Structures are given as C-alpha cells and as structure tokens.
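One structure is given below, encoded as structure tokens.
The values are calculated or read from the model by the stated rules, or taken from the named source; none is laboratory data. Predicted model only: the values in this text are computed from it and were never measured. Cβ atoms come from the backbone with ideal geometry, glycine included; neighbour counts cover every protein chain shown. Heavy atoms of the whole protein, side chains included, go into the accessibility calculation; ligands, DNA and RNA do not. Shrake-Rupley method; radii C 1.70, N 1.55, O 1.52, S 1.80 Å.
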Amino acid sequence: DLPIPSKTLAKPLEEAYGVILAEDKFMLSYVPTYQENQCEMKLVYHLNDTSNYSAERLLPLNYRMEETEPFSVDYTDIAGHYAETAIYKLAEVQLTLGDPAETEFRPEEAVTQQEFLTFACKVFNYGSGDIYYSLTYMGIISKEEIAPDKPVTRMEAIRYIVRLIGQGEIAEKPEIFRDIYTDVSEADRGYAAIAAGYKIVNSEVSEFYPDSVLRRADAVMMIYNWLTK
C-alpha cells in the first residue's frame, strides 16, 4: 500500500529539457558505430552525469531522492589545485568537507578525525546525529580510537573507509594480501591492498606514508576516487 504520485502533476518534458540544458550537463564525445565489418566514429552529445530531478518541481534530488534547493560553494584558494575538480564535483551533490558557507577550503591543512568522519558519514548515508555512537556501534571505530580533534593519519583514514565499505573483516587478514607499499605495516597490509584495489589511493607508487597527517585535499580525493573509479 504505497502512495503513487499521479503523472498528471509532472512538468512537461520540454521544461525538463530546459533545466538540463540550462545546467550545461551535456558533453561532446566520439562514439564508435559498427555496421558489418566497418567502424565509423560519430560525434555525439550525451549527459555528463546521471542526475535525477523531481517531476513536479524540476528540482535536483540528492542520493536520498529528496528535493534539494540550489546549492553551491565558492572557494578562493583551490583554483588550479589538483583536488579542485573533485571538491566541486562532490559539492554538486552536497557533499562537502566542513562548512560549505566558508570561502576558503584550506586544501593543505590537516583534517581532524571528527571532520573526516562527519564527511564520510554524509557520503555513506549514516546520518548526521551522534556519529561516534553510530560508528562505534557498527565497528567502524573503537571507543579507544575516539579523538575528535586529533589530525587523522593517512592510514587511519583508509581504515575508516575500508570498514565503511564493508571490507574491514577481510582487511584484518593480512596474510591473504601481498604488499603494495614498502612502508605499510603487516597489520595494515590488508587495508592498504583493498584501498589500492578500489583505486581509493594510488597503487602505482611504492610508499604510502601511512603515519603522515591527511590533508583536506587528499581526504576529498579519497572519497571522490571511491565514488568515481
């Protein structure tokens, strides 16, 4: 017994096209077409994303299929930065690290545990209440590990993400993984291998610097890589 919205309330398709075109979501690309033994390249337009819009008001929907009002960030300190695209792409779906009203992102600053876990909870849809209660209950973080204001290390961030994607139990079996990085301990070998396998982090280097603090830009890149690769 679910309520089914009436299609009569939906905006005309022409108006929907107007919204999509106005937001510049089309991109040009070459697409191969095949006929018998010949291949021909065609230049076509296609949608650059898979956004959904409410049929009645043509407002964008978030990952919960809820209407979202226009939302944007405008940082003054990330132009030309390697994480610029990732920061803005995630902001398009209302996933931001910290307060979106701030004008500076501070990409090279260390990210605290609470900042990183709050950001991760948004991404993995774990709500916005008492994150430590939820995450300790699910085994993402232990009570002994709780340190809200402590800068997160690169390896700690990987542990949290791997557990959030449901691979924590497997990661705790280092003997089944090969070494990806020369500076990662045996205990963390599984976490590093899984993160590299999912392309959350770069697997084409020999060192990971696990004890270095995680910069805000790299925190966004890890999440962006998980969502897009």
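Put simply, of Val19, Val44, Val31, Val73 the only residue that is aliphatic (A, V, I, L, M) and closer than 28 Å to Ala219 by Cα is Val73. A Cβ distance below 8 Å, combined with a sequence gap of six or more or placement on separate chains, defines the contacts here; from region 206-222, residues that are of a type in the set (Ser, Thr, Tyr) reach residues that are surrounded by fewer than 17 Cβ atoms within 10 Å (Cβ to Cβ) in the pairs Ser206/Thr182; Tyr209/Asp183. Put simply, of Leu117, Leu97, Leu58 the only residue that is touching a helix residue (DSSP H, G or I) at 6+ places or on another chain (Cβ under 6 Å), assigned to a helix (DSSP H, G or I) and not β-branched (Val, Ile, Thr) is Leu117. I want to confirm something. Restricting to region 167-207 and keeping residues that are over 17 Å from Ile223 (Cα atoms) and of a type in the set (A, V, I, L, M, F, W, C), which single residue is least open to solvent (accessible area, probe 1.4 Å)? Looking at the filtered set, the residue picked out is Ala171. In region 146-162 there is no residue matching the filter, namely being open to solvent by less than 20 Å² (accessible area, probe 1.4 Å), modelled with pLDDT of 95 or more, among the hydroxyl-bearing types (Ser, Thr, Tyr) and part of a loop (DSSP other than H, G, I, E, B).
For region 16-56, the candidate set comprises residues that are among the charged types (D, E, K, R) and surrounded by 10 or more Cβ atoms within 10 Å (Cβ to Cβ); within that set, the residue that is modelled with the lowest pLDDT is Asp49. Any idea which residue in region 64-83 is farthest from Pro100 (Cα to Cα), counting only those that are small (Gly, Ala, Ser) and without any contact (Cβ under 8 Å) to a residue 12 or more places away in the chain? Among those that are small (Gly, Ala, Ser) and without any contact (Cβ under 8 Å) to a residue 12 or more places away in the chain, it is Gly80. Residues that are among the β-branched types (Val, Ile, Thr) and more than 19 Å from the chain's Cα centre (by Cα) were ranked within region 101-145; the one that is surrounded by the fewest Cβ atoms within 10 Å (Cβ to Cβ) is Thr103.
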